[in-house]
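Undergrad: Got a structure for you, questions after.
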Amino acid sequence: MKTVTINPKNCVGCRNCEMACAYAQTGDSCARKWANIRVVNNVPMRFVMPMTCFHCEEAWCMDVCPAHAITRNEQTGAVVIDQSRCAGCKMCILACPYGNIHFDHEAMVSRKCDLCGGDPECVKHCIGGALQFEDIDEFEERKSRSINAKIASLLNV
């Protein structure tokens, strides 16, 4: 299964990911309110980081949805919200441990990343390389190698 992975060290805070996502969702607007990815900006700590749905294997949002509006797309592996079924109860927002679901106050429904049907626009427009669309198993293996290398260098092995 592929998902959007994030390397915060590479984020330059340009918000291109938000604009690309918003345009992909609406077809005519780059307004941040339509984006399903959000750039967290902590000015005092000089830190920016894109945040989006992790499409969890055990998706709590899907489990708590009383309208059964949240399902997993079998082709892309994305956990998606059927907005025509969403009751606007916000249970999914409360259930997400990462805060990656937001509420659309105009349509009165929850919104989150749908991986753009398996071809995420946010990744294509990330100029810093902070966002990648990769196989989760390959990502885990790469991170494990990186951590092991850092530990080895600290221990002078």
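Undergrad: Under the condition of being touching a residue at least 24 places away in the same chain (Cβ under 8 Å) and of a type in the set (A, V, I, L, M), which residue from the stretch 71-89 is surrounded by the fewest Cβ atoms within 10 Å (Cβ to Cβ)?
TA: VAL80
Undergrad: Now a separate question. Could you please give the count of residues in the stretch 49-66 that are within 15 Å of the chain's Cα centre (by Cα) and outside any helix (DSSP H, G or I)?
TA: 10
Undergrad: Among ALA149, ALA107, which is open to solvent by 30 Å² or more (accessible area, probe 1.4 Å) and part of a loop (DSSP other than H, G, I, E, B)?
TA: ALA107
Undergrad: If I ask for residues that are closer than 23 Å to LYS2 by Cβ and not charged (D, E, K, R), which ones from the stretch 52-71 would you list?
TA: Result: THR52, CYS53, PHE54, HIS55, CYS56, ALA59, TRP60, CYS61, MET62, ILE70, THR71.
Undergrad: Just give me the residues in the stretch 17-65 being more than 22 Å from ASP82 (Cα to Cα) and exposed (fewer than 13 other Cβ atoms within 10 Å of the Cβ), in sequence order.
TA: Within the stretch 17-65, ASN42, VAL43, PRO44, MET45, ARG46, PHE47 meet the criteria.
Undergrad: While we're here: I want to confirm something. Restricting to the stretch 1-16 and keeping residues that are more than 25 Å from ASP137 (Cα to Cα), part of a loop (DSSP other than H, G, I, E, B) and touching a residue at least 60 places away in the same chain (Cβ under 8 Å), which single residue is least open to solvent (accessible area, probe 1.4 Å)? Even if it seems obvious, please write down each step before you answer.
TA: So the first thing to find is which residues in the stretch 1-16 are more than 25 Å from ASP137 (Cα to Cα), and the list is 12-16.
With part of a loop (DSSP other than H, G, I, E, B) added as a condition, the list becomes 12-15.
Subset that is touching a residue at least 60 places away in the same chain (Cβ under 8 Å): 12, 14.
Numbers: VAL12: 96, CYS14: 54 Å².
Across the stretch 1-16, the extreme among qualifying residues is CYS14.
The values are calculated or read from the model by the stated rules, or taken from the named source; none is laboratory data. Just so it is clear, the structure is predicted and the values come from calculations on it, not from any experiment. Note that we place each Cβ from the backbone using ideal geometry, even for glycine, and neighbour counts take in every protein chain shown. With ligands, DNA and RNA removed, areas are computed over all heavy atoms of the protein, side chains included. Shrake-Rupley method; radii C 1.70, N 1.55, O 1.52, S 1.80 Å.
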